[in-house]
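What follows is one structure encoded as structure tokens, with my remarks underneath.
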Amino acid sequence: MSGQSLAGLRILVTRERQASEEFARRLSDLGAFPIICPAIQIVFRHPPGLDLALLGLGRFDWLVLTSANAVRAVGYRLDELRLDPEEAFGQTRIAVVGQATGAALEKLGGRAELVASSGSAAGLADDLVAAGVFETIVLFPASRVARPDLPQRLREAGAGVVQLAVYDTVAPDRIALPDQSSLDVATFTSPSAVRNALGAADAVWLQAVPMICIGETTAAAARAAGALDVTVAADASMDGIIRSLLEFQQRRQQEG
């Protein structure tokens, strides 16, 4: 993306606070004006069995992580248990969805052996089945409302799946949307963020704002909520969203 610019583009960033700040820095470096407005909040959970699973990760053939939030939730619990993440993650093979998840894992000292070729949980399930999961044991720490597709596909292929709800995605107490005239484009990385933002008081105008969504599931939630101009990112990553923003900026300049 060297030499490309988002100069002057006013971009709504709706990820949870920590992730929004990291993303906003990247946008600022490209000349954009990021407007941080978290539409989701991540709350870590401590389900029964989580500590035992993390203390004995070597008993699992695969650790499957489908979001950076799942990585952070696991990392938080490892810290609470005073376990070295690099040592813990080194006990098993790890599969992830997307570059963002892989990057979050690497920050903690882990490395993914398998990255979903399609950038989706369903695609990761297919890749794992192709790699051979018959009679393996898989640990799947995920959101409390994670879709059932991945564990179901693995079980059908003969794997034993231990699924643990390690975090919740909830709506902030207040979503402070900017003024309509101060925004050019909005970015979304989860269906929950879409629903929370578009469901906020006096947010009907947001339906007409161009939106770039990280994947088709998020885009479908945007369309269902009444969004009129929805683009699916080039791929399911922050890099993919930035590439789509650069294309959006180029179109605006050509039309202007």
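Quick notes on this structure:
- Secondary structure note: in the chain, about 10% of the DSSP beta bridges are antiparallel.
- Label of the coordinate-derived value, Cα extents along the principal axes in Å, listed as (i) 62, 50, 33; (ii) 58, 36, 32; (iii) 77, 47, 31: (ii)
- Positive-pole candidate from Ala125, Gly110, Ala95, dipole of region 84-133, charges at beta carbon: Ala125
- Cα extents of region 135-213 along the three principal axes, largest first (Å): 57, 25, 14
- Between the C-alpha center of region 17-47 and that of region 72-124 there is a gap of 20 Å.
- Size check on region 165-256: the Cα extents along the three principal axes, sorted descending, read 43, 30, 20 Å.
- Within region 158-256: Cβ-based charge dipole about Cα centre, in debye rounded to nearest 20 (Lys, Arg +1; Asp, Glu -1): 100
- Cβ-placed point charges (K, R +1; D, E -1), dipole of region 1-134 about Cα centre in debye, nearest 20: 400
Every read-out reported here was derived from the displayed coordinates using simple, explicitly stated rules and does not represent laboratory data. In this text the structure is predicted, and so the values were computed from the model without any measurement. Don't worry about glycine lacking a Cβ; one is built from the backbone with ideal geometry, like all the others, and counts go over all protein chains shown.
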